[in-house]
1. Cβ-Cβ under 9 Å, sequence separation 6+ or interchain: first residue in the range 114-139 and within 25 Å of residue 91 (Cβ to Cβ) and in contact (Cβ under 8 Å) with a residue 12 or more places away in the chain, partner of a type in the set (Val, Ile, Thr) and open to solvent by less than 80 Å² (accessible area, probe 1.4 Å). Which pairs?
2. Output the qualifying pairs, or none if there are none: Cβ atoms under 7 angstrom, residues six or more apart or on different chains, first residue in the range 4-20 and within 18 Å of residue 137 (Cβ to Cβ), second residue modelled with pLDDT under 85.
3. Out of 37, 6, which single residue is among the charged types (D, E, K, R) and at pLDDT below 85?
Amino acid sequence: MKELKKLNKLFVKYKWQLLGGFLVTVVARVLSIFLPKYIGKIINLLNDWGNGKITDESFLNDQLLLYIGIILGTTLLSAGLTFVMRQLIIVVSRHLEYDLKNIIYNQYQRLSLGFYKQNRTGDLMNRISEDVSKVRMYMGPALMYSVN
């Protein structure tokens, strides 16, 4: 984990996009908390109608439509916010991957010819592609799912 701490300084460049992604994540999760409450209200309403406590069908229909509308609206809003969250955080992780590859490439440019004689070029290229992709998973999806 110590090695990953060095990468955290790269987050500063995209702090506002990440903060926006985290805020959108929190709002989306808070909205999803309301769904069971309204499903419970629908069940209670139908139980009251079945037991005869509610006899006015127009009141029942109005309440059912209201609760179903709230559930659908909340679900659609939560889904939209989840999409925005993923776009913000995943796009930032792609930018971070690009920045990290450029840092590594610049370091490769500074190395001596002797270094390249001692190390295989394929291994070096694998590190710049495969290893950086794994680090991107830490810098994007892992943070997103942790906040989620």
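1. As it stands, the answer is 127/104; 128/104; 132/104; 139/92, since those pairs meet every condition given.
2. Final answer for the pair search is 4/138; 7/135; 7/139; 18/11.
3. 6
Yes/no matrix, rows are residues, columns are (1) open to solvent by 80 Å² or more (accessible area, probe 1.4 Å); (2) in a helix (DSSP H, G or I); (3) modelled with pLDDT under 85:
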residue: 87; (1), (2), (3): yes, yes, no
residue: 93; (1), (2), (3): no, yes, no
residue: 97; (1), (2), (3): no, yes, no
residue: 115; (1), (2), (3): no, yes, no
residue: 123; (1), (2), (3): no, yes, yes
residue: 129; (1), (2), (3): no, yes, yes
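The values are calculated or read from the model by the stated rules, or taken from the named source; none is laboratory data. None of the values given here were measured: they were computed from a predicted structure. Reconstructed Cβ throughout: ideal geometry from the backbone, glycine too, with neighbour counts over all protein chains shown. Heavy atoms of the whole protein, side chains included, go into the accessibility calculation; ligands, DNA and RNA do not. Shrake-Rupley method; radii C 1.70, N 1.55, O 1.52, S 1.80 Å.
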